[in-house]
Structures are given as structure tokens and as C-alpha cells.
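To start, the structure under review is shown below, and the notes come after it.
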Amino acid sequence: MKVTRRQALKSITTTAAAFATLPSSNISAASKPEPHRTRGVVLRPFDLSLKDWPERCVKAGINTIGLHANRRVDVLVDFVSGEEGKRFLSRCAKLNIEVEYELHIMGDLLSREYFSHDQSLFRMHKIGRRTPDGNCNPFSSKALDIIAKKAVDYARILKPTTNRYFFWPDDGGKWDFSPQARNFNASDQSLLVENRIIKALRKHVNPKAELAHLSYHNTLSAPSRVKPEPGIFLEFAPITRDYNKSIIERNAKTLSPSKNHPDPQTNAGYLDYLTENLKLFGVKNAQILEYWLDASLFTRNARRIRKPGQKIPPVVKVPWDEKVCRSDVAAYRELGIKHFTTFACLIDARYEKLYGDPQPILDAYGKALS
């Protein structure tokens with residue numbers, strides 16, 4: 001059955017009405033000033049070879065840059081600690097651009113070196129063996145102590161200007177399958193770790209700290225047993241979407257999900273996951289992490305589906321569709337969401353050389369969020 005845009009928006013509006021009964025802790029007092037609303041991009045240090053990113057953001061109405069690390073944070077730490085990074089941060093401050101750090105960081109919070117010393121710190125594989133291949137044993141108090149201490153250490157180096165921290169699990173990493181984990185889904189396990197981290201951050205670093213729970217791949221489902229501690233907010237990342245279709249098109253097929261990840265077959269699945277998570281985490285600080293400008297994702301997808309003998313450039317041109325982006329934003333806003341960001345990785349000096357000035361799509365993206 002074909003669902004019209006009007007019917008889809010009506011469905012989302014009906015769902016949004018349910019959030020009026022969210023816990024009072026998630027509802028801001030009317031007397032408080034309007035909080036920061038994220039209109040962001042997420043970049044790696046390498047992408048800053050496009051030297052004037054902060055100035056481009058100001059022109060486009062983008063107010064937040066998230067610096068990203070995918071596997072390890074050492075390159076990012078070196079950048080922030082070095083002269084080039086300090087100049088970048090200074091420019092952002094002068095231009096009123098907020099800076100955050102969105103990081104797949106578990107391997108740095110719990111070094112794999114510990115495995116030879118104490119395997120109990122790490123997750124159990126389905127076959128019954130402990131493995132250091134990803135994440136941790138979230139039921140190990142010792143593992144959580146190590147993770148929390150390292151999170152504090154990194155938070156003192158990578159200092160967001162918004163009080164928001166993004167210490168994500170390993171990218172697509174699996175979680176524990178021990179008997180103890182039987183009734184805890186991957187999101188529960190991730191939240192166990194996040195709850196421990198936020199307590200440490202608020203005690204030792206920043207009493208106003210907030211920490212993202214990343215709903216992505218294995219953690220798309222909402223936690224079923226564990227409740228978030230104060231300061232935990234939702235970040236939702238629908239990575240396998242087909243960006244030729246708006247998220248509002250519930251029956252639109254997603255890209256072929258990986259066998260390793262439970263991403264849905266249609267947009268409806270993503271919207272259902274999002275709704276489920278918003279009921280637990282609330283909408284006040286929830287953030288959508290999209291891929292509208294992510295040249296790195298579109299390049300990976302192009303390589304995945306290329307035909308024999310077909311040549312793919314080192315980076316493909318972003319298939320920007322302003323109508324899709326605007327429709328997506330409208331749908332998310334119907335749910336009460338106010339914070340938006342997108343990966344824009346590989347939009348760098350090489351991208352500009354290959355495809356010309358990227359400013360027009362940055363401007364269009366900024367206008368879509370205005």
C-alpha cells in the first residue's frame with residue numbers, strides 16, 4: 001500500500017503527541033533562555049585541509065563542528081594538542097562555532113593490551129570464548145572502572161564547548177554473549193558503560209556534562225532493561241538509508257543491510273527505532289546524526305556496488321538532494337527533535353579540486369536547518 005506524504009506526516013505527528021507525557025526531567029522550564037540548537041557537521045582532522053571550514057560554516061549558518069575519530073583517537077589528540085589544532089580551535093571560538101568530539105573510542109578507553117592479563121574485561125563471543133575484537137564486558141566492574149578513568153583523561157584533553165561528550169562504542173562492534181548478558185540487548189550493554197562514564201565525567205571533569213547514547217547498527221533498538229542516568233541523551237544515526245528517498249517515505253527500501261548488523265529493510269524500521277528510543281531518552285536533547293554530506297559513506301557505497309572493471313574515484317561527489325534533506329528535517333522536527341548534524345568526511349582540499357567549491361551545498365544544508 002502506497003503511503004502519501006500527507007499520511008506519513010500525520011502518522012509522525014500522532015506519534016509526536018505521545019511525547020507530551022515524557023518525564024519532567026526532560027522538559028525545560030519556560031523561563032529558561034532558548035538553549036543551543038545544533039546545526040552541525042562532523043569532520044576528521046584530515047578534512048581540514050579545506051582550510052577555511054570554520055568560515056564556510058559561518059557563511060552557511062552551521063554553528064557546530066564535531067571532530068571525529070573512527071578507530072583510534074591518537075591522531076585527533078595530536079591535532080588538538082598541536083599548533084594547527086590550536087589555531088583551528090581559536091578561529092572557531094572567534095567565529096562562535098561550537099566544537100565537539102564524536103568518537104568511536106572504546107578501544108582507547110579499554111586497551112586491547114589488557115586481554116593477555118585479564119580476559120574477563122572483554123566480551124564473550126557466541127561460541128563461549130572471551131575476545132578482544134570489540135567493546136568490552138559491561139558486567140565487569142573492573143572494566144568499567146578502567147573505562148571511566150580513561151574517559152575522564154580524554155575529556156580533559158578533548159574539551160567540547162557545549163558540555164556534550166560523544167564516547168561511542170567500537171564502530172559496529174558486537175557486545176557480550178555470556179550467560180549474564182542473556183536478557184540484556186546491545187543497547188542495554190552500551191548504556192551500562194555510558195551510565196558509568198557520565199557519573200565519572202560529572203564528578204571529576206564537568207558537573208554539566210552530557211553524554212550521547214549512540215543508536216546505530218547493533219544499538220538501534222532501545223535499551224529494554226537499563227535506564228539512562230541523568231545527562232544521557234540520544235544520538236540516532238540511520239546509516240543504511242537510501243539518500244535518494246526521504247525518511248518520510250516509510251516503505252522506501254534501505255540499502256542492503258550487512259549480515260553483521262540488524263539495520264532495517266525500510267525507512268519505517270528506522271522511524272520505529274527512533275520513536276522507541278525517544279520514549280526512553282526524551283526529545284529535549286536528542287540529536288540526529290545524518291549522512292547527507294558524507295562523501296566517505298557515498299564513496300564506500302559506490303565501491304560496494306561497482307561493476308567489474310568499473311573505476312571509482314578516490315572520493316565520489318556527494319549526491320546532494322535539498323528536497324530530501326528538507327523533508328527529512330521536517331519529519332524529525334515533527335517528533336520534537338532540535339539538534340541536527342551530518343558527517344561531511346572527505347569534503348576536503350582534494351574534494352574541492354575534483355568537484356569545485358562545496359560551499360553551495362553547505363549553504364543549502366544550512367538553509368534546510370534554519
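Would you call Leu211 surrounded by 17 or more Cβ atoms within 10 Å (Cβ to Cβ), of a type in the set (A, V, I, L, M) and either touching a Lys or Arg at 6+ places or on another chain (Cβ under 9 Å) or farther than 26 Å from His36 by Cα (or both)? In short, yes. Among the residues examined, Glu290 qualifies as in contact (Cβ under 8 Å) with a residue 24 or more places away in the chain, of a type in the set (D, E, K, R) and either within 16 Å of Arg241 (Cα to Cα) or in contact with a helix residue (DSSP H, G or I) (Cβ under 6 Å, 6 or more places away or on another chain) (or both). Filtering Tyr243, Tyr270 for residues that are hydroxyl-bearing (Ser, Thr, Tyr), assigned to a helix (DSSP H, G or I) and out of contact with any Asp or Glu (no Cβ under 6 Å at 6 or more places or on another chain) leaves a single hit, Tyr270.
The condition of being among the aliphatic types (A, V, I, L, M), more than 24 Å from Tyr291 (Cα to Cα) and touching a residue at least 24 places away in the same chain (Cβ under 8 Å) holds for Val80. From the list Ala364, Ala330, the lone residue that is within 23 Å of Lys245 (Cβ to Cβ), at pLDDT 95 or above, under 20 Å from the mean Cα position of the chain (by Cα) and in a helix (DSSP H, G or I) is Ala330. Residues in the stretch 301-328 that are surrounded by 13 or more Cβ atoms within 10 Å (Cβ to Cβ), over 13 Å from Tyr365 (Cβ atoms) and among the basic types (Lys, Arg): Lys317 only.
Scanning the stretch 108-134 for residues that are closer than 17 Å to Val73 by Cα and of a type in the set (A, V, I, L, M) yields Leu109, Leu110.
Of the residues making up the stretch 119-140, just one is surrounded by fewer than 16 Cβ atoms within 10 Å (Cβ to Cβ), touching a helix residue (DSSP H, G or I) at 6+ places or on another chain (Cβ under 9 Å) and not in a loop (DSSP other than H, G, I, E, B), namely Ser120.
Against the test of being touching a residue at least 12 places away in the same chain (Cβ under 8 Å) and crowded, with 18+ Cβ neighbours inside 10 Å, the options Pro228, Pro262 yield a single qualifying residue, Pro228.
For every residue, the table says whether it meets (1) of a type outside the set (A, V, I, L, M, F, W, C); (2) over 25 Å from Arg326 (Cβ atoms); (3) modelled with pLDDT under 95; (4) part of a loop (DSSP other than H, G, I, E, B).
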position	(1), (2), (3), (4)
Arg202	yes, yes, no, no
Ser221	yes, yes, no, yes
Pro228	yes, yes, no, yes
Ile247	no, no, no, yes
Ser256	yes, yes, yes, yes
Leu278	no, no, no, no
Gly309	yes, yes, yes, yes
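Only one of the listed residues (Lys174, Lys203, Lys150) is among the basic types (Lys, Arg) and surrounded by fewer than 16 Cβ atoms within 10 Å (Cβ to Cβ). That residue is Lys203. Arg37 falls short of the stated requirement of being under 22 Å from Cys325 (Cβ atoms), of a type in the set (D, E, K, R), modelled with pLDDT of 50 or more and not in a loop (DSSP other than H, G, I, E, B). When Leu103 is tested against (1) outside any helix (DSSP H, G or I); (2) more than 20 Å from the chain's Cα centre (by Cα); (3) crowded, with 20+ Cβ neighbours inside 10 Å, exactly one condition is not met: (2).
Count of the stretch 284-300 residues, restricted to those that are closer than 20 Å to Val329 by Cβ, among the β-branched types (Val, Ile, Thr) and surrounded by fewer than 22 Cβ atoms within 10 Å (Cβ to Cβ), is 0. Look at (1) under 22 Å from the mean Cα position of the chain (by Cα); (2) under 30 Å from Arg130 (Cα atoms); (3) not aromatic (Phe, Trp, Tyr) and you find that Ile97 fails only one, number (2). When you look at Ile337, is it at pLDDT 95 or above and part of a strand (DSSP E or B), yes or no? No, not satisfied.
The values are calculated or read from the model by the stated rules, or taken from the named source; none is laboratory data. Because the structure is a prediction, the values reported are computed rather than measured. Please note: Cβ atoms are built from the backbone with ideal geometry, for glycine as well, and neighbour counts cover all protein chains shown.
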